[in-house]
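The values are calculated or read from the model by the stated rules, or taken from the named source; none is laboratory data. It should be emphasised that the depicted structure is a prediction, and the values quoted were computed from it without experimental measurement. No Cβ is skipped: glycine too gets one built from the backbone with ideal geometry, and neighbour counts run over all protein chains shown.
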Amino acid sequence: MTAEYKVNGSVAVITLNNPPVNGLGHATRSAIVQGIKQANEDGAVKAIVITGAGKAFSGGADIREFNTPKALAEPTLHTVINVVENSEKPVIAAIHSVCMGGGLELALGCHYRIAAPGAQIALPEVKLGILPGAGGTQRLPRVVGLELALNMIVSGNPVPSEKLAGTKLFSEIVKGDLAQDALEFAAKVADQRPLPKVRDLKVDYPNHEAFLQFSRNTVKAMAGPFPAPLKCIDAVEASVTKKFDDGLKYERELFIDLVQTPESKALRHAFFGERAASKIPDVPEDTPAREIKSVAVIGAGTMGGGISMNFLNAGIPVTILEMKQEALDKGMATIRKNYENSMKKGKLTQEKLDQRMGLLKGTLSYEDIGQADIVIEAVFEDMAVKEQVFKKLDEVMKPGAILASNTSTLDVNKIASFTKRPQDVIGTHFFSPANVMKLLEIVRGDKTAKDVLATVMKLSKKIKKTGVVSGVCDGFIGNRMIEQYSRQAGFLLEEGCLPEQVDKAVEKFGFAMGPFRMGDLAGNDVGWYIRKRRYVEKPNITYSKTADLLCEMGRFGQKTSAGWYDYKPGDRKPYPSQLVNDMIVKHSADLGVERRKISDQEIVERLVYALVNEGAHILEEGIAMRASDIDMVYLTGYGFPLFRGGPMFYADTVGLPNVLMAIEKYAKGRHGDAWKPAPLLAKLAAEGKGFNDK
Ligand code: T1G
């Protein structure tokens with residue numbers, strides 16, 4: 001279905017019906033044009049209402065059609081809006097729930113608009129790296145004014161319909177039943193002529209130049225690598241400086257430029273990737289989820305505290321279990337402190353703080369958590385400790401409770417084997433700081449029940465996380481890949497780089513933080529502990545010893561005011577350390593490695609392609625269900641630059657044959673064993689395909 005046509009008395013009602021959000025795909029656009037034509041030819045019809053079925057008026061153009069022939073096939077959205085605007089009979093948009101993007105542009109082409117309260121009104125195109133391409137930048141300023149329109153278009157954020165009640169956008173914010181009110185409104189305006197057209201209004205804003213220049217300066221500072229926000233200002237400026245049709249033409253030119261940009265393609269990839277990640281092929285979407293009314297967290301340390309805050313923020317009561325009163329008190333105090341800091345920044349009210357802290361309880365006794373619907377352990381990353389905890393949980397937790405581990409690398413199947421209920425065991429790997437980082441790796445054990453998976457995926461959305469399912473392997477998706485990234489970073493130090501050069505190169509590529517600054521932030525001893533385990537478990541895998549030498553110097557990072565970099569008390573700014581750089585140079589000499597000048601390109605290729613190659617192995621092994629899942633892990637958990645779309649998407653952009661060529665080159669170099677091309681990468685490269693090809 002795309003749009004239904006029905007005449008109700010003297011009013012023709014066109015109901016958009018293209019689930020899930022009435023995206024204005026080609027078929028829907030054609031049905032609207034057909035409906036308007038039919039209504040104008042029907043003598044009994046005196047007015048036309050356009051409304052949306054289901055959960056939206058319209059979520060905009062159908063993004064799935066972008067960069068396909070359908071997107072530009074007539075009737076384009078431009079044509080549809082033209083037909084609507086030039087209808088001889090009044091067209092009224094009756095809006096509820098969601099009216100976004102092309103959906104709002106369609107409504108702006110109507111002669112009248114009425115809305116139910118609470119409808120989300122937005123032109124969010126900038127969030128997809130584009131701009132409203134069907135007249136939104138020209139019509140919205142004409143009905144809500146230059147400032148509000150510019151703010152809505154550059155931010156892409158929704159405004160509730162009732163907040164726009166006083167503008168020319170809406171004739172009415174209805175109180176009763178929208179459909180009934182629409183019919184009554186239609187009857188009221190049926191004979192009004194001339195029909196009011198938004199395009200005939202003027203944008204009056206004295207001294208718009210100064211306002212727009214100020215806006216450009218502000219936006220330039222925050223837009224980063226994304227061209228769209230500034231182009232939005234250019235387009236909106238045309239609504240003041242150009243005739244309507246010239247403005248429309250200019251907007252179209254800007255739109256067509258932006259939709260081709262790699263940044264926009266990356267943002268659209270991330271948009272769909274975020275949604276695809278919640279789909280688990282062998283777990284039907286209607287799998288009944290277990291009810292989660294209360295949560296227990298074991299461990300009140302940094303992770304346990306951060307994890308707890310996610311649930312408190314979502315209004316779910318939490319009981320934190322610790323072994324010692326002092327640790328428990330410290331953990332609870334830290335949570336309160338975090339909320340107080342948010343309140344100081346104006347991000348939280350005292351009332352909300354009290355409400356959240358009111359949902360938090362602490363205990364030293366396992367018996368107190370037995371009735372929780374899910375328990376998440378965030379204890380020391382050691383299998384013996386996990387064994388102790390899960391055996392105890394198996395004893396005390398009520399039947400049907402979900403037993404989750406926050407382990408970042410350990411075998412969830414082994415953890416499940418410590419219990420008599422492996423079907424209820426799952427990995428919920430949060431990323432530090434757990435109350436901030438969006439990523440949640442949901443680690444599926446061999447015996448994890450499907451409804452447990454469905455429950456935790458649903459819970460991840462409730463706590464506003466991006467849940468990505470991972471199979472069981474050492475490091476799951478993210479940490480397994482970062483392992484190869486870190487290996488290359490270490491080898492680069494031995495071969496000629498210093499920490500600052502590597503960090504600067506990847507930060508210029510777009511990473512939030514390079515590997516050495518990241519190590520100093522997370523704590524270099526964390527990796528040290530894992531490498532020690534690896535040296536025993538996998539003796540044939542070589543690592544640079546530089547990181548171990550650094551830890552042997554007690555330089556764990558910011559927490560010891562010294563790591564790869566030096567730090568001044570109370571200052572998180574990294575200062576290159578002569579001591580460390582001398583250690584690195586000496587280590588190269590001890591290894592007999594002649595240091596050489598290494599280009600930024602080599603640094604970026606070796607770090608990023610190490611991620612890509614390991615990601616390809618992870619895909620081959622079925623640890624990740626799809627390439628976009630790997631991209632979401634890196635975009636939401638590892639500071640990979642959003643405008644690059646994630647490691648697998650970036651590799652597709654570079655072209656897999658080029659990636660393969662670089663990998664084969666590095667395989668001939670030092671530690672070439674680290675560069676065995678993943679068969680999947682070689683296969684796709686040979687076929688001229690990409691990881692994310694549908
Ligand atoms: N096109 C196609 N599919 C869409 C879609 C769209 N515009 N919006 C959402 N979906 C799918 C989404 O992929 C998911 O699919 C399902 O709907 C539910 O989405 C010319 C060119 C509308 C507020 O940017 O912000 O118009 O995974 O989980 O939380 O100027 O979706 O279930 O198969 O997000 O209730 C501009 C983007 C397009 C709006 C609903 N419009 N969408 O949120 O559900 S560009 C947007 C959203 C444009 C014109 C230009 C949200 C939502 P699946 P969901 P939700």
Ser278, sole failed condition from (1) within 11 Å of the ligand (Cβ to nearest atom); (2) assigned to a helix (DSSP H, G or I); (3) outside the structural domain of Lys202 (by TED's automatic domain parsing): (2)
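Based on what the data block shows, is Ser264 in a helix (DSSP H, G or I), touching a Pro at 6+ places or on another chain (Cβ under 7 Å) and not assigned by TED's automatic domain parsing to the domain that holds Met632?
Details: in a helix (DSSP H, G or I): yes; touching a Pro at 6+ places or on another chain (Cβ under 7 Å): no; not assigned by TED's automatic domain parsing to the domain that holds Met632: yes.
No, not satisfied.
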Residues located in segment 45-91, provided they are touching a Lys or Arg at 6+ places or on another chain (Cβ under 7 Å), more than 10 Å from the ligand (Cβ to nearest atom) and of a type outside the set (Lys, Arg): Val45, Ala47, Ile48, Pro75, Val80, Glu85
Verdict on Glu602 being surrounded by fewer than 16 Cβ atoms within 10 Å (Cβ to Cβ) and at pLDDT 95 or above: no
Residue check, Met309 at pLDDT below 95, part of a helix (DSSP H, G or I) and surrounded by 19 or more Cβ atoms within 10 Å (Cβ to Cβ): no
Tabulated pairs, segment 68-79, first closer than 15 Å to Ile256 by Cβ, second among the charged types (D, E, K, R) and not in a loop (DSSP other than H, G, I, E, B), C-beta under 8 angstrom, 6+ apart or interchain: Ala71/Glu65; Thr76/Arg29; Leu77/Arg29; Leu77/Glu105; His78/Arg252
First in segment 176-198 and under 20 Å from Gly52 (Cβ atoms), second anywhere and in a helix (DSSP H, G or I), Cβ under 6 Å, 6 or more apart: Val198/Leu108; Val198/Arg139; Val198/Arg142; Val198/Val143
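Only residues that are outside any loop (DSSP other than H, G, I, E, B) and under 32 Å from the mean Cα position of the chain (by Cα): list them for segment 161-180, please. Please lay out each step first, then the result.
Here is the first cut: in segment 161-180, the ones outside any loop (DSSP other than H, G, I, E, B) are 161-164, 172-173, 178-180.
Answer for segment 161-180, where residues must be outside any loop (DSSP other than H, G, I, E, B) and under 32 Å from the mean Cα position of the chain (by Cα): Ser161, Glu162, Lys163, Leu164.
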Number of the exception - Val468 against (1) under 14 Å from Ala277 (Cα atoms); (2) among the hydrophobic types (A, V, I, L, M, F, W, C); (3) in a loop (DSSP other than H, G, I, E, B): (3)
Of residues in segment 17-29 being without any contact (Cβ under 8 Å) to a residue 60 or more places away in the chain and either crowded, with 17+ Cβ neighbours inside 10 Å or part of a strand (DSSP E or B) (or both), the one nearest to the ligand (Cβ to nearest atom): Gly23
Residue that is farthest from the ligand (Cβ to nearest atom) [pool: residues in segment 120-154 that are under 23 Å from Pro20 (Cβ atoms) and touching a Cys at 6+ places or on another chain (Cβ under 6 Å)]: Ile121
Some residue of segment 396-413 being touching an Asp or Glu at 6+ places or on another chain (Cβ under 7 Å) and among the basic types (Lys, Arg): no
Whichever residue in segment 541-566 is over 27 Å from Asp474 (Cβ atoms) and touching a Pro at 6+ places or on another chain (Cβ under 7 Å) and, among such residues, is surrounded by the fewest Cβ atoms within 10 Å (Cβ to Cβ): Ser561
Number of the condition not met by Tyr112 [criteria: (1) closer than 19 Å to Leu140 by Cα; (2) among the aromatic types (Phe, Trp, Tyr); (3) within 15 Å of the ligand (Cβ to nearest atom)]: (3)
